[in-house]
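Enquirer: One structure, pasted below without further comment.
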Ligand SMILES: [Zn+2]
Ligand SMILES: [Zn+2]
């Protein structure tokens, strides 16, 4: 399959390769055919080393698509399901998850730096944020695939994976903005527009 590969941190271009394969899925993972991917500035930050990332790797962390294969332990998703992906899925079993703070779960975030998600012409390659949506397919933990309704367009759904989640979460959860408040939104990219 095809994927846009970052060969080294600091490269300013990605190479589109057609000899990329996914690793897995393991029993608690799912394989997804990517139907749409957003382009987020964090992808640039991964390329230039501002954000931690590993190379070689596949960038892209806002995605939506169709499930094509599920591991044998996955019972809440099936091939054909429409999903968006998450780079911060909760593992469900660590101390943070068990005390009701799945937002602090680091299990899969750490795994993103220890577990190659792709193979590029025989070389193991990582997925940025454990994802790698600049690819025709990717494998994620089942908790990292969030089912969506079949009539949600993929190019809309993919934006929820990062920009919408970040912007709406900042308003509703972090700043707890109340109706009627006057607020300043600095910057109107994907996150700022989602804030508004
Ligand atoms: Zn956890
Ligand atoms: Zn992002």
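Every number in this text was worked out from the coordinates using simple rules, so none of it is lab data. From a predicted model like this one, the values you see are computed outputs, not experimental measurements. When we count neighbours, we look across all protein chains shown, and the Cβ atoms used for this are built from the backbone with ideal geometry, even at glycine.
Enquirer: So, in Å, what gap is there between the alpha-carbon centers of the range 140-169 and the range 61-116?
Expert: After rounding, the separation between the Cα centres reads 12 Å.
Enquirer: Once both labels are modelled 7 Å past Cα along the beta-carbon direction, what's the residue 106-residue 44 spacing in nm?
Expert: 2.9 nm
Enquirer: Determine the gain in length on full extension of the stretch residue 18-residue 150; use 0.36 nm per residue of separation and subtract their C-alpha separation, reporting nm with one decimal.
Expert: The span from residue 18 to residue 150 would gain 44.6 nm if fully extended.
Enquirer: Continuing with the same structure: In whole angstrom, and with the biggest value first, how far do the Cα coordinates of the chain range along each principal axis?
Expert: Over the chain, Cα extents along the principal axes are 56, 41, 36 Å.
Enquirer: Which order do the peptides 51-57, 181-187 take when ranked by the mean count of other beta-carbon atoms within 10 Å per residue, highest first?
Expert: Sorting 51-57, 181-187 by mean packing, highest first, produces 51-57, 181-187.
Enquirer: How high is the FRET efficiency from residue 51 to residue 27, r the C-beta distance, R0 35 Å, rounded to 0.05?
Expert: 0.70
Enquirer: Given the -39500 (n - 2.57) contribution per DSSP H run of 4+ residues, what per-residue ellipticity at 222 nm results for the chain, rounded to the nearest 500 deg cm²/dmol?
Expert: Values: 6 runs with 34 residues, N = 196.
Rounded to the nearest 500, the figure is -3500 deg cm²/dmol.
Enquirer: In what sequence, highest mean first, do 90-102, 108-120 appear when ranked by Cβ atoms within 10 angstrom?
Expert: Descending packing order for the listed peptides: 108-120, 90-102.
Enquirer: How high is the relative contact order of the chain, given as a whole-number percent (alpha carbon pairs under 8 Å, six or more residues apart)?
Expert: Result for the chain is 26 percent.
Enquirer: Sticking with this structure for a sec: Apply the a/c threshold of 1.5 to the C-alpha gyration tensor of the range 1-108 and tell me whether it is rounded, prolate or oblate.
Expert: Oblate, because a/c is 1.5 or more while a/b does not exceed b/c.
Enquirer: A follow-up question, please. Take the Cα gyration tensor of the range 83-193, multiply each eigenvalue by 5, square-root it, and list the three semi-axes largest first, rounded to whole angstrom.
Expert: They are 28, 19, 14 Å, listed from largest to smallest.
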